[in-house]
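The values are calculated or read from the model by the stated rules, or taken from the named source; none is laboratory data. Fair warning: this is a prediction, and the values are worked out from it, not measured in the lab. Reconstructed Cβ throughout: ideal geometry from the backbone, glycine too, with neighbour counts over all protein chains shown. Keep in mind that these areas ignore ligands, DNA and RNA; they rest on the heavy atoms of the full protein, side chains included. Shrake-Rupley method; radii C 1.70, N 1.55, O 1.52, S 1.80 Å.
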Amino acid sequence: MQWDKLKTFYYVAKLGSFTKTGQHLNISQSAISRQIGDLEYSLAHKLFKRLPKGLVLTRQGELLFQNVEKMFVCSELALMQIQNEQSEPQGDLNIGANVGLVDTWLYTIIPDFLTRYPEINLSIFSKDGHLDVESLEVHVALQPHVPDQPELIQNFLMSWNRRLYASKEYLQKYGTPKTVEDLEYHRLIGFGSEKIHLFDNINWHLKLNNNINKPQVPYISANSLRALFHFGTLGFGIISFSQESPLLKNSNLIEVLPEAIGPNIDIYFTYPVQLKGIRKINVLEEYLQTYVKNHHQKYKSSTLLKRQA
């Protein structure tokens, strides 16, 4: 039984889609279908049920997946340990994080890391939900703390603090809110659906009217923090955004109502205990920790200067 076919099966079962598997492995859907068909023929059993909601493992598929997952984890660990013997950190390194964290923070700071460590093949995986680090869906996850997980190393990285921002153009046109009650007369931009977002209460600013059962209706909503940032810079309304995001540094956004403090989200650098001592993970954590230490306070100071101007 060929490992390539088992690897394809593993990702189809994990991601529940030929399309997502093709994107992850960079192979065509027809090649995936052919490999799964060959595997089912050699085993004389169907491995998936094709349902309207997607692919679901059969009983035989579940048995195969349980064992292939163990093989996959062992092979990944062996490969990383071998690569760890080299003089420079190298090889595949998969990072997973919430979609918003990737779009508004990680992608802007990672290029310098790649310049420092050109032998590392980096893959960034964004997902609205907790990432399965134990089975090496990713090697490292940047996510909130997961309780009761002794098999994971979870080191605090940073707090993600949400504040309110508007462009100079918006404030010139509609005025600057002086109290949270004033927000009732302003255009607020909100996240499209809290249900699919990892972080709780992302639309906290829509509820500052003290009516929990009837939050303010957003002028614009979108299921993308990058889109919300874009609408904010264009002057369409007031947004809730993390003050740690590098995107704010050179933007035209100004913090409003500094006394209105949004939810704080603690982000942890998380990886399996089995990967302790792997140098490419160590250098990534050191790089991110150093970046947070050297830059986040600067962004807060920059925000304060804008507010005072």
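To the nearest 0.05, what FRET efficiency results for Asn250 and Asn161 with a Förster distance of 22 Å applied to their C-beta separation?
On the way: r = 19 Å, r/R0 = 0.88.
For Asn250 and Asn161, the calculated efficiency is 0.70.
Sorted by mean Cβ packing within 10 Å, highest first, what order do the peptides 114-126, 252-264, 157-169 take?
Values: 114-126: 13.1, 252-264: 15.8, 157-169: 20.2.
Packing proxy ranking, top to bottom: 157-169, 252-264, 114-126.
So if I place +1 on the C-beta of Lys and Arg and -1 on the C-beta of Asp and Glu, and nothing else carries charge, what would the dipole magnitude of the range 110-256 be about its Cα centre? I want it in debye, nearest 20.
Roughly 800 debye, rounded to the nearest 20.
What whole-number distance in Å separates the alpha-carbon centres of the range 255-280 and the range 20-86?
31
Filter the cross-link list Lys20/Lys207; Lys7/Lys127; Lys20/Lys70; Lys46/Lys276; Lys207/Lys249 down to pairs whose alpha-carbon distance in this structure exceeds 32 Å.
The pairs that break the limit, which is 32 Å between Cα atoms, are Lys20/Lys207; Lys46/Lys276.
When a/c is below 1.5 the answer is rounded, else prolate if a/b is larger than b/c, else oblate, so apply that to the range 1-154 with a ≥ b ≥ c taken from the square roots of the Cα gyration tensor eigenvalues.
On the way: a/c = 1.78, a/b = 1.59, b/c = 1.12.
The shape class here is prolate.
Mind giving me the FRET efficiency for Ile82 and Tyr41? R0 is 22 Å, r the Cβ-Cβ distance, nearest 0.05 is fine.
0.05
Given the -39500 (n - 2.57) contribution per DSSP H run of 4+ residues, what per-residue ellipticity at 222 nm results for the chain, rounded to the nearest 500 deg cm²/dmol?
Values: 8 runs with 117 residues, N = 309.
Calculated mean residue ellipticity at 222 nm is -12500 deg cm²/dmol.
Using the alpha-carbon atoms, what tilt in degrees (0 to 90, nearest 10) does helix 3-15 show relative to the longest principal axis of the chain?
40
Any chance you could run the full-extension gain for Ile27 through Thr58? It's 0.36 nm times the residue separation minus the Cα-Cα distance, nm to one decimal.
8.8 nm
Could you work out the relative contact order of the chain? I mean the mean sequence separation of Cα pairs under 8 Å and 6+ apart, divided by the number of residues, in percent.
20
Order 8-15, 41-48, 277-284 from most to least packed using the mean count of other Cβ atoms within 10 Å.
Going by the mean number of other Cβ atoms within 10 Å, highest first, we get 8-15, 277-284, 41-48.
Rounded to the nearest 20 debye, what is the charge dipole size of the chain about its Cα centre when +1 sits on each Lys and Arg Cβ and -1 on each Asp and Glu Cβ? All intermediate terms of the calculation are to be shown ahead of the outcome.
Details: 32 positive and 30 negative charges, 171 e Å.
Computed about the Cα centre, the dipole is about 820 debye.
Just to confirm the number: angle between the C-alpha axis of helix 279-308 and the first principal axis of the chain, 0 to 90 degrees, nearest 10?
10
Along the charge dipole of the chain, which of Ser240, Ala44, Thr8 sits closest to the positive end, that is, farthest toward it, with unit charges on the beta carbon of Lys, Arg, Asp and Glu (+1, +1, -1, -1)?
Ser240
Quick one: pull the percent of accessible area on the chain belonging to carbon and sulfur, 1.4 Å probe, ligands and nucleic acids left out.
Using a 1.4 Å probe with all protein chains present, the chain comes out at 50 percent carbon and sulfur.
Take the range 22-87, drop everything but the C-alpha atoms, weight them equally and run the Debye formula without solvent; then report log10 I(q)/I(0) at 0.14, 0.15, 0.23, 0.27 Å⁻¹ to two decimals.
-0.59, -0.66, -1.12, -1.20
Measure off 7 Å from each Cα along the Cα-to-Cβ vector at Glu169 and Thr108, then give the distance between these two points in nanometres to one decimal.
Here the answer is 1.9 nm between the modelled labels.
The chain: Rg/Rh from Cα coordinates, Kirkwood Rh?
With Rg and the Kirkwood Rh in hand, the quotient comes to 1.04.
Would you mind checking the tilt of helix 107-116 against the longest principal axis of the Cα atoms of the chain, expressed as 0 to 90 degrees and rounded to 10?
It works out to around 60 degrees.
Between Val180 and Asn264, take the C-beta separation as r, use R0 = 22 Å, and let me know the FRET efficiency to the nearest 0.05.
Computed FRET efficiency for Val180 and Asn264: 0.75.
Would you calculate the separation in nanometres between label points at Asn294 and Arg50, each defined as 7 Å from the Cα along the Cα-to-beta-carbon direction?
Computed distance between label sites Asn294 and Arg50 equals 5.3 nm.
If you put +1 on each Lys and Arg Cβ and -1 on each Asp and Glu Cβ, how big is the dipole of the range 116-186 around its Cα centre, in Debye rounded to 20?
That gives a dipole near 580 debye.
Given a 1.4 Å probe and heavy atoms of the protein chains only, how would you sort Phe113, Phe236, largest accessible area at the top?
Of Phe113, Phe236, the descending order of accessible area is Phe236, Phe113.
How much area per residue is accessible in the range 119-233 when the probe is 1.4 Å and only protein heavy atoms are counted (Å²)?
51
Tell me which of Thr176, Ile220, Leu206 sits at the most positive position along the dipole axis of the range 167-273, charges placed on C-beta atoms (Lys, Arg +1; Asp, Glu -1).
The Cα lying farthest towards the positive end belongs to Ile220.
Along Cα→Cβ, 7 Å out, is where each label goes; now give me the distance between the ones at Ile124 and Cys74 in nm to one decimal.
It is 3.5 nm.
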